[in-house]
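One structure is given here, and the rest of the page talks about it.
The values are calculated or read from the model by the stated rules, or taken from the named source; none is laboratory data. All values derive from a computational prediction rather than experimental measurement. Cβ: placed from backbone, ideal geometry, glycine included. Neighbour counts: every protein chain shown. When the accessible area is computed, the model is the full protein with side chains, heavy atoms only, and any ligands, DNA or RNA have been set aside. Shrake-Rupley method; radii C 1.70, N 1.55, O 1.52, S 1.80 Å.
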Amino acid sequence: MERAERTSKVITARDLGLVACLRCAQAWPRETERCGRCGHRLILRDEKSLQRVAAYWLLGFACYIPANLYPMLKTETLLSVQEATIVGGAIEFIYYGNYSIALIILFASVVIPLAKFMAIAFLAVSVVRPSSTGPHQRQVLYEVVEYIGRWSMIDIFVVAIMSALVQLNSLASMHPGIASLFFALSVIFTMLSAQAFDSRMIWDVQDQREGTKP
Amino acid sequence: MRKAFTPGPTSGNERWNRRGLRLRGSETEMSSITDTVPRTDLIVCPQCDAAWSLARPEPGERAVCQRCHTVLITPRRKAGMQIIALATAVLFLIIAAAVFPFLTISAGGTTNSVSILEAALAFSDGPLVLLALATAALIVFIPLTRVLLSLYVLVPLVFDRPPAPHAARAFRLSEALRPWSMAEIFVIGCAVALIKISELADVTFGPAFWMFAALVVLVVLQESFLCRWSVWNALSEPQKS
């Protein structure tokens, strides 16, 4: 195990008897309830953080299941009415030989959401149980999850644009399916779950393990 | 911001590093904790809770948390004025992009044009109405709100006036809304939708599409110019003196 000299000497606001504002980075005495600079509520460590992470995570995962079972998009043409789920839409592209688009759809709508669920679960568990992954990697993972979370809404926007645009009377028309609502809810709950995670806990565990705590 | 950058108080046992943050021994820090007086000599990393002695970087430099590498302060010269200019441009572009036709499709002699709001309102049957409202908020109303809030906060600061009433609350709301402002995602979504439709019909871009694409570039620039710590600091300074 490498043990960086610098890391062991870092002093946290908690060590100093202070509480920091997560919004504006101002330090206050521990008893302070609200940041006098920006008005944000001050919490030394959010004890219920993990519970909220888990609750939103479960809601998000629960919504992700119907998002994949129900049709995302209904296409009506002169000859047929077609209802496609997320995976079904990708399979259709494979059927027509359009492998690259199929791969992009599968990656953006299946692989990334599932990876996000796993990453949040891993981060939450790693705070409770020791993990061999270093705090730096976990911090980077957390930032990636927070950054990517919003981008999953792209599926919803694509469905919105297509079903608004493709309204060609009897020739062809597209309508959003009920899965779009579940998918959007899943994305929103996953974002809330990631936001509920207090990344300071990643570093607290590290401090304890390195024995810098008295 | 036009506030002067003064270095924080110094003491004997501190180590400088080149990024403008100083690390101090703990024994000097334990003293003088009084009720609800902020420790203006410190900056605490919101990501990892590491406390650093505050030394303001010069414009163009960045203060980075030495433990988790989160960027804490990024002052820029004339950033305030540039942000105001960008925000004003974004404001007009949002309104124009929401009104003008956005995309036009044609196939077999039938054409259909939609605006951005119409695209959002495509979710119209039954429970999907909720989704229509959410989409409209994410791509038009939340970005619009954020622009208005940042103008409200920044204009008095840049012109050396006292902060507007409730400016701190306005800026806090603007920051809280940041992850929910999804205009740029919508633009990429357009590109994806067009690839999917292009085999079915001809698609042409309306003026609003180009306005919205420009808007996204301006929003990204505006975000990168904004040093949040400098704004909070400027908002708190007049009350202290």
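Tabulated data
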| item | result |
| --- | --- |
| Test for B:Val203: is it open to solvent by 20 Å² or more (accessible area, probe 1.4 Å), within 11 Å of chain A (Cβ to nearest Cβ), over 22 Å from B:Pro59 (Cβ atoms) and in contact with a strand residue (DSSP E or B) (Cβ under 9 Å, 6 or more places away or on another chain) | yes |
| Selection count where residues are surrounded by fewer than 23 Cβ atoms within 10 Å (Cβ to Cβ) and more than 20 Å from the chain's Cα centre (by Cα), scope the range B:80-105 | 6 |
| Some residue of the range B:144-152 being touching a residue at least 60 places away in the same chain (Cβ under 8 Å) and either among the β-branched types (Val, Ile, Thr) or buried (at least 21 other Cβ atoms within 10 Å of the Cβ) (or both) | yes |
| A:Phe157 being among the aromatic types (Phe, Trp, Tyr), without any contact (Cβ under 8 Å) to a residue 40 or more places away in the chain and in the same structural domain as A:Ala54 (by TED's automatic domain parsing) | yes |
| Of the criteria (1) part of a helix (DSSP H, G or I); (2) at pLDDT below 85, which one A:Pro66 fails | (2) |
| Test: residue in the range B:177-198 that is among the acidic types (Asp, Glu), in the same structural domain as B:Leu117 (by TED's automatic domain parsing), at pLDDT 90 or above and in a helix (DSSP H, G or I) | no |
| Within the range B:171-190, tally of residues that are hydrophobic (A, V, I, L, M, F, W, C) and open to solvent by 30 Å² or more (accessible area, probe 1.4 Å) | 5 |
| Subset of the range A:147-175 [at the interface with chain B (Cβ under 7 Å from one of its Cβ atoms), open to solvent by less than 20 Å² (accessible area, probe 1.4 Å), out of contact with any Phe, Trp or Tyr (no Cβ under 7 Å at 6 or more places or on another chain) and part of a helix (DSSP H, G or I)] | A:Met153, A:Val158, A:Ile161, A:Met162, A:Ser163, A:Ala164, A:Leu165 |
| Test result for B:Trp232, outside any loop (DSSP other than H, G, I, E, B), of a type outside the set (A, V, I, L, M) and in contact (Cβ under 8 Å) with a residue 60 or more places away in the chain | yes |
| Given (1) within 13 Å of chain A (Cβ to nearest Cβ); (2) open to solvent by 10 Å² or more (accessible area, probe 1.4 Å); (3) at pLDDT below 85, number of the condition B:Ser241 does not satisfy | (1) |
| Selection count, the range A:35-61, where residues are touching a residue at least 60 places away in the same chain (Cβ under 8 Å) and within 11 Å of chain B (Cβ to nearest Cβ) | 1 |
| Filter result for A:Leu192 (among the hydrophobic types (A, V, I, L, M, F, W, C), modelled with pLDDT of 90 or more, surrounded by 16 or more Cβ atoms within 10 Å (Cβ to Cβ) and touching a Phe, Trp or Tyr at 6+ places or on another chain (Cβ under 7 Å)) | yes |
| All positions within the range A:98-121 that are over 22 Å from A:Ser180 (Cα atoms) and surrounded by 15 or more Cβ atoms within 10 Å (Cβ to Cβ) | A:Asn98, A:Ala119, A:Ile120, A:Ala121 |
| Members of the range B:206-229 found to be out of contact with any Phe, Trp or Tyr (no Cβ under 8 Å at 6 or more places or on another chain) and either not assigned by TED's automatic domain parsing to the domain that holds B:Pro179 or not in a helix (DSSP H, G or I) (or both), listed by number | B:Leu226, B:Cys227 |
| B:Phe212 farther than 24 Å from A:Gln195 by Cβ, surrounded by 15 or more Cβ atoms within 10 Å (Cβ to Cβ) and within 13 Å of chain A (Cβ to nearest Cβ) | yes |
| Subset of the range A:81-96 that is touching a residue at least 12 places away in the same chain (Cβ under 8 Å) and touching a helix residue (DSSP H, G or I) at 6+ places or on another chain (Cβ under 8 Å) - its residue that is surrounded by the most Cβ atoms within 10 Å (Cβ to Cβ) | A:Ile86 |
| Check on B:Ser224, closer than 24 Å to B:Thr70 by Cα, free of Cβ contacts under 8 Å to residues at least 12 places away in the same chain and more than 9 Å from every other protein chain (Cβ to nearest Cβ) | yes |
| Residue count for the range B:54-79, restricted to those that are open to solvent by 30 Å² or more (accessible area, probe 1.4 Å), in contact (Cβ under 8 Å) with a residue 40 or more places away in the chain and touching a strand residue (DSSP E or B) at 6+ places or on another chain (Cβ under 6 Å) | 1 |
| Options B:Ala122, B:Ala168, B:Ala134; residue that is among the small types (Gly, Ala, Ser), surrounded by 18 or more Cβ atoms within 10 Å (Cβ to Cβ), within 10 Å of chain A (Cβ to nearest Cβ) and in contact with a strand residue (DSSP E or B) (Cβ under 7 Å, 6 or more places away or on another chain) | B:Ala122 |
